[in-house]
Amino acid sequence: LEASGNVRLRRTGEAIFADYLRYVFDDGEVTANGNLRFERDGVVVTGQGLQYNLADSTGEMTEVEYFLLEAEAHGKASRLVSQGRNTARVEDATYTNCEVGDEDWYMRARTIDLDRERDLGVARNASVVFKGVPILYSPYLDFSLTGSRKSGFLPPAIGQTEQSGTEVTLPYYVNLAPNYDATLSPRYMTRRGLMVGGEFRYLKPSLNGDVRAQYMENDKQREEERYAYAIRHSQAFGEKTRGYVNVIGVSDDFYFTDLSNQIAATSLTNLPREAGLDYNGDWWNVAARVQDFQTLQDPLAPVEPPYARLPQIKLTGGRPTPLGVDVNLLGELVDFEHPTLVSARRDTLYPSVSLPLRTSFLYVTPKVGYHYTHYTYDDDAQPDQTRDLPIFSVDSGMVFERDTKIYGGEVTQTLEPRLYYVKIPFVDQSEIPLFDTALADFNLAQIFTENQFTGGDRINDADQLTGAVTSRLIDPGTGRERMRFVVAQRY
């Protein structure tokens, strides 16, 4: 049978579209060309000439573009050879899962074998190109056609440093299960020796976390054992209770300086070791934790280790009343421990009431509170200390809106003036040690707070007014904020 002019040949799971088609019934051979498109089980191929056998699903096509719909991937090739219903080979080919016309990265290879039944692609003499620049070459690469995870080697990391010499890291990814996996990362440094590293990750509906570790039996530069570990775990115990563990440690003060390949890690000083438990009530929350640190010291620039919190318990609560007044409470009990500095327990209680007055465009919220702090020192020779401070504030603002156009697009623009006033009397606090307190960074969030300090050992005196104007551009269809402009000044 020969046909020409918008020819379509179909059978279950397959279709051929062409300007000309010749079909031999006895052996199932199909020859087609001209505006050629071939479709089979979610694979779409366009090209020049097609020789195909319907009986055993074998054949070939030249100058092709192919699309794997399930994997959302596509590519080009000089020749495609179908080796059966689920397997094919493309020659002088590219492969990417970027959008058509926006191929930020792609792989090109001498040959790529596609096995849809095994969800496997194998590329030979392959290179990966990113933004037009080849960044990786390998004689052999395999990958999942659907984007699912699979075990195998990841791209190696190769580098050189003055202290460690030439180094090579070859990570191997282990796909253990849909909800947990591991990565093994042997790292060889010519001047130090072999380091073995690994990461294990897990994820369940009520818990998640990861464990990372690195170990070197003998660092030839220092002639000593070196290691690092990090454990992060988070878990829900029912609907209202959640706990966590975060522990990081290294074998010595110079571990990151000598062995880290990330610049940010070389400046780490205090490594946290903490565990906590949170309980969320209907209108109140209790958080408890124990926290200590491993402090890495540089002999040329020693630092004072931070205080350990053993333990820290915080209570926060707030609820409206039938009279329209909001009642809030902040409480804290924390035991500060230090090997060389004064240790103490700090008890804090800060009740407050506020009266939110709101209309559709205007709000005024006066607030009054009483901040009480008590220190009990471990040294019996040092008497207890108490600090009492009344705190008064008023937060007010207005919101105006208008519809306008920006570059031809409809937007809602807001104009939001705001005034924030705080009054706190002066109390001499110079005799109180600094356990966890420092001056906060000055920014748009901090400028609208009562206290300029983080931590509970200092509360500033204040008779200050902050004025601000905010303008937002909002998409009226989605409510998404496109841009925000803020100017503020504290007087």
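The values are calculated or read from the model by the stated rules, or taken from the named source; none is laboratory data. These numbers were taken from a predicted model, which means no experiment stands behind them. Note that we place each Cβ from the backbone using ideal geometry, even for glycine, and neighbour counts take in every protein chain shown. Just the protein is used for accessible areas: all its heavy atoms, side chains included, with ligands, DNA and RNA removed. Shrake-Rupley method; radii C 1.70, N 1.55, O 1.52, S 1.80 Å.
Here are some notes:
- When H338 is tested against (1) closer than 29 Å to L444 by Cβ; (2) surrounded by 16 or more Cβ atoms within 10 Å (Cβ to Cβ); (3) in contact with a Pro (Cβ under 8 Å, 6 or more places away or on another chain), only condition (1) is not met.
- The residues on offer are R289, R226, and the sole one that is part of a strand (DSSP E or B), more than 20 Å from V196 (Cβ to Cβ), basic (K, R) and at pLDDT 95 or above is R289.
- In the range 170-186, residue most open to solvent (accessible area, probe 1.4 Å) [restricted to those that are among the polar types (S, T, N, Q), out of contact with any Phe, Trp or Tyr (no Cβ under 6 Å at 6 or more places or on another chain) and closer than 26 Å to N261 by Cα]: N175
- For the range 422-449, a residue qualifies if it is under 26 Å from V342 (Cβ atoms), open to solvent by 40 Å² or more (accessible area, probe 1.4 Å) and among the hydroxyl-bearing types (S, T, Y), and exactly one does: S430.
- Any chance L419 is open to solvent by 30 Å² or more (accessible area, probe 1.4 Å), over 30 Å from A308 (Cα atoms), of a type outside the set (S, T, Y) and modelled with pLDDT of 95 or more: yes
- Qualifying residue in the range 250-267 (condition: touching a strand residue (DSSP E or B) at 6+ places or on another chain (Cβ under 6 Å), under 24 Å from L207 (Cα atoms) and aliphatic (A, V, I, L, M)): no
- The condition of being surrounded by fewer than 13 Cβ atoms within 10 Å (Cβ to Cβ) and touching a strand residue (DSSP E or B) at 6+ places or on another chain (Cβ under 9 Å) holds for P139.
- The range 184-214: number of residues that are more than 23 Å from E225 (Cβ to Cβ) and either in contact (Cβ under 8 Å) with a residue 12 or more places away in the chain or in contact with a helix residue (DSSP H, G or I) (Cβ under 7 Å, 6 or more places away or on another chain) (or both): 9
- Positions within the range 396-407 being open to solvent by less than 100 Å² (accessible area, probe 1.4 Å), within 35 Å of the chain's Cα centre (by Cα) and either of a type outside the set (A, V, I, L, M, F, W, C) or over 30 Å from L465 (Cβ atoms) (or both), in sequence order: G397, I406
- Residues that are open to solvent by 80 Å² or more (accessible area, probe 1.4 Å) and either among the charged types (D, E, K, R) or assigned to a strand (DSSP E or B) (or both), drawn from the range 207-223: R212, Y215, E217, K220, R222, E223
For (1) farther than 28 Å from N246 by Cβ; (2) in contact with a strand residue (DSSP E or B) (Cβ under 9 Å, 6 or more places away or on another chain); (3) without any contact (Cβ under 8 Å) to a residue 60 or more places away in the chain, each residue gets a yes or a no:
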{"position": "R319", "(1), (2), (3)": "yes, yes, yes"}
{"position": "E337", "(1), (2), (3)": "no, yes, yes"}
{"position": "T340", "(1), (2), (3)": "no, no, yes"}
{"position": "D347", "(1), (2), (3)": "no, yes, yes"}
{"position": "R358", "(1), (2), (3)": "yes, yes, yes"}
{"position": "F361", "(1), (2), (3)": "yes, yes, yes"}
{"position": "Q385", "(1), (2), (3)": "yes, yes, yes"}
{"position": "G397", "(1), (2), (3)": "yes, yes, yes"}
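- Taking each residue of the range 90-117 that is over 14 Å from V128 (Cα atoms) and looking for partners that are in a loop (DSSP other than H, G, I, E, B) and among the basic types (K, R) with beta-carbon atoms closer than 9 Å, six or more apart or interchain, yields R116/R85; E117/R85.
- Condition met for P351 (surrounded by fewer than 17 Cβ atoms within 10 Å (Cβ to Cβ), closer than 17 Å to S393 by Cβ and touching a strand residue (DSSP E or B) at 6+ places or on another chain (Cβ under 8 Å)): yes
- Condition met for Q452 (over 27 Å from L355 (Cβ atoms), surrounded by 13 or more Cβ atoms within 10 Å (Cβ to Cβ) and not hydroxyl-bearing (S, T, Y)): no
- Taken together, L141, L145 contain a single residue that is touching a residue at least 12 places away in the same chain (Cβ under 8 Å), hydrophobic (A, V, I, L, M, F, W, C) and under 23 Å from E39 (Cβ atoms), which is L145.
- Subset of the range 114-124 (residues that are open to solvent by less than 70 Å² (accessible area, probe 1.4 Å) and over 14 Å from H74 (Cα atoms)): D115, D119, L120, V122, A123
- Selection from the range 171-206 of residues that are in a loop (DSSP other than H, G, I, E, B) and either on the phi > 0 side of the Ramachandran plot or of a type in the set (K, R) (or both): R191, R192
- Restricted to the range 1-75, the set of strands (runs of 3 or more DSSP E) holding at least 3 residues that are among the charged types (D, E, K, R), within 49 Å of the chain's Cα centre (by Cα) and within 24 Å of G121 (Cβ to Cβ) comprises 29-40, 58-68.
- Scanning the range 224-265 for residues that are among the charged types (D, E, K, R) and open to solvent by less than 70 Å² (accessible area, probe 1.4 Å) yields E224, R226, D252, D253, D258.
- The lone exception for R232 - which of (1) modelled with pLDDT of 95 or more; (2) outside any strand (DSSP E or B) it fails: (2)
- Scan of the range 80-100 for residues that are surrounded by fewer than 17 Cβ atoms within 10 Å (Cβ to Cβ) and among the charged types (D, E, K, R), ordered by number: R85, E91, D92, E99
- Cβ pairs under 6 Å, 6+ apart, first in the range 70-83 and over 17 Å from A109 (Cβ atoms), second outside any loop (DSSP other than H, G, I, E, B) and of a type in the set (K, R): none
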